[in-house]
Each structure stands twice: as structure tokens, then as C-alpha cells.
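Colleague: Here you go, one structure.
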């Protein structure tokens, strides 16, 4: 089901920790501060000095090179590390965060692996995407069996500023989310690249082609989001038989574009599952 309720704000001032301070962590941190959370209530563990100093300068958060006693005050810990480094990063953090709710945004890593590495039970997972950087993200969510309703509301309060949220009933569905929306912005950029190249080959300037392509994607997505009609029906309304759109769609169908696109996303889903097995081993 889609979560559309307002986030619970009762614990909005409770300290929160971020392990890793990259783009996704920055997107979440920026949203929290914009919604009124004190920067001093946010503790980031970021080993790279340049990234750490940037976080301090940009947001005014508390940033450390390694885990320390400050983490004991944090009621939630957001894991924004690369899947392949998660286990290594967990060891020094675990002694300080037994009391916390743990939220992982690492692709593929199973909740059971996170729980095992940290010695905790309250583990939730999120699969966000890069439009979170501008508050237009789409995030799939899964809560482990020990996660309470209050914990779910806490997850929502952390992630709501990044965009829309979708709770899933089964953890394996997150691999499909990873393939569809997690990797999805790259597919959009891929098609936008092609549209801009085609536009320039047909006589437009690159800036004109980009404005037209981006505006078309944005407008079509907004129209699809506001309509309850089937996507096929919406496409057919724009595709008059014998017209220009019909010529384009026919060419793509003859080239097997839709079938290839589906196979590509299935490959991404398979890789997400592989990553869980590969990086989630003890």
C-alpha cells in the first residue's frame, strides 16, 4: 500500500545517526533540517575527511570519522553505505546502537544480515532513488517482524521529505523496486539522451532538444500520475493510426524495444538478489 499519511512528529527532535554521508544521506539530512530538525540532533559517521567537512559546512551537523559514544543517544540509525562495505562498517557501530531502530538504504542487503551483523532485531529497509535529492524521490519500504507501528512512523518521518513512500509486504519485493524505481532514473536519463541526440540530428540545438525532452518526460509523468486510465489507453490516445507517433511506436515495436526493456529490468532485479547473497554472507 502507498503511505500518504503525514509523518508522526512526536519524535522529530530525537537524535538520529547516519552511517555514511553520501548523496542519499545528504538528501535525507537536508529534508529533515528543512522540516525543522536541529542540525545538532544529526550525527554522521563519515570516514572521508572531505565529505565530512562538506556535511558540516552545508548542514551544520555533528560529523565524526568513526563511531563513538555519541551514537548511544540516537534512537534511529540510517545506513547509507555501499552494500559491499556494510558488514565492515557495522562492527564498530554495533556496540553503541543496540537501543536504536536501524534503517538500511543499501541495495540488496537483507534485513537478516543487518540484524546479524549489528546484534539487533528492529531493522527496516528502504530503496530510494536519486530524485530524492530534489524531494521527488520514490522509495520502497520493508519492515522486519520486530519493527513496531511507531517504528514505521519513525521511518516515514525520516524519509517523507525525500518524496513518495510505498510499503511492501515481502522483503523480496525490494529487489523488484530496486530494478524498477531504484535504477529507474538511469533508464529515464538513457532515453532522454537518445531523444536529445535525435533532436540535434533533426536540426534542433542541444539546449532546445534537452528542454523539449525533459519537459515531455515531466509532463507525461504528471499526466499519468493524475489519471486513473490504463497507460496503454493513454498511449493509444496519442497514437493516431498512420500518424507520426504511430510511425515511431511501430519502429520501436519492430525493434523489440519494450521486450528488451523488460529483460533489462529483470536483469537488474536478478543482480539485486545476487548482491544480497554475495555481500550478505557472514
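Colleague: Condition first: in contact with a helix residue (DSSP H, G or I) (Cβ under 9 Å, 6 or more places away or on another chain), crowded, with 23+ Cβ neighbours inside 10 Å and farther than 27 Å from residue 34 by Cα. Can you find one or more residues in region 68-84 that meet it?
Modeller: The answer is no, given that none of the residues of region 68-84 is in contact with a helix residue (DSSP H, G or I) (Cβ under 9 Å, 6 or more places away or on another chain), crowded, with 23+ Cβ neighbours inside 10 Å and farther than 27 Å from residue 34 by Cα.
Colleague: Oh, and also: Given the criteria closer than 30 Å to residue 103 by Cβ and either surrounded by 13 or more Cβ atoms within 10 Å (Cβ to Cβ) or more than 26 Å from the chain's Cα centre (by Cα) (or both), does residue 175 qualify?
Modeller: Taking the combined requirement at face value, the residue satisfies it.
Colleague: Let me ask something else about it. Given the residues 224, 230, 259, which is the only one that is surrounded by 11 or more Cβ atoms within 10 Å (Cβ to Cβ) and at negative phi?
Modeller: After ruling out the rest, the residue left standing is 224.
Colleague: Specify the residue that is nearest to residue 153 (Cα to Cα); the eligible residues are those in region 12-61 that are touching a residue at least 40 places away in the same chain (Cβ under 8 Å) and surrounded by fewer than 17 Cβ atoms within 10 Å (Cβ to Cβ).
Modeller: Only one residue fits best here, namely 14.
Colleague: Starting from region 138-159, take each residue that is touching a residue at least 12 places away in the same chain (Cβ under 8 Å) and on the phi < 0 side of the Ramachandran plot and list its partners that are surrounded by fewer than 22 Cβ atoms within 10 Å (Cβ to Cβ) and assigned to a helix (DSSP H, G or I), counting only C-beta distances under 6 angstrom and pairs at least six apart or across chains.
Modeller: 138/181; 143/152
Colleague: Turning to a different aspect of this structure: Give region 26-47 a look and list any residue that's part of a helix (DSSP H, G or I) and touching a helix residue (DSSP H, G or I) at 6+ places or on another chain (Cβ under 8 Å), or say none.
Modeller: 26, 27, 28, 29, 30, 31, 32, 33, 34, 39, listed by residue number.
Colleague: Here is a check on your reading of the model: is residue 198 in the same structural domain as residue 110 (by TED's automatic domain parsing), farther than 21 Å from residue 23 by Cβ and assigned to a helix (DSSP H, G or I)?
Modeller: no
Colleague: Does residue 216 qualify as being surrounded by fewer than 13 Cβ atoms within 10 Å (Cβ to Cβ), under 30 Å from residue 271 (Cβ atoms) and in contact (Cβ under 8 Å) with a residue 12 or more places away in the chain?
Modeller: In short, yes.
Colleague: For residue 107, all conditions in the list (1) loosely packed, with under 15 Cβ neighbours inside 10 Å; (2) under 16 Å from residue 19 (Cβ atoms) hold save one; what is the number of the exception?
Modeller: Unmet for residue 107, out of (1) loosely packed, with under 15 Cβ neighbours inside 10 Å; (2) under 16 Å from residue 19 (Cβ atoms): (1).
The values are calculated or read from the model by the stated rules, or taken from the named source; none is laboratory data. Not measured: the values here are computed from a predicted model. Virtual Cβ from ideal backbone geometry, glycine too; neighbours counted across all protein chains shown.
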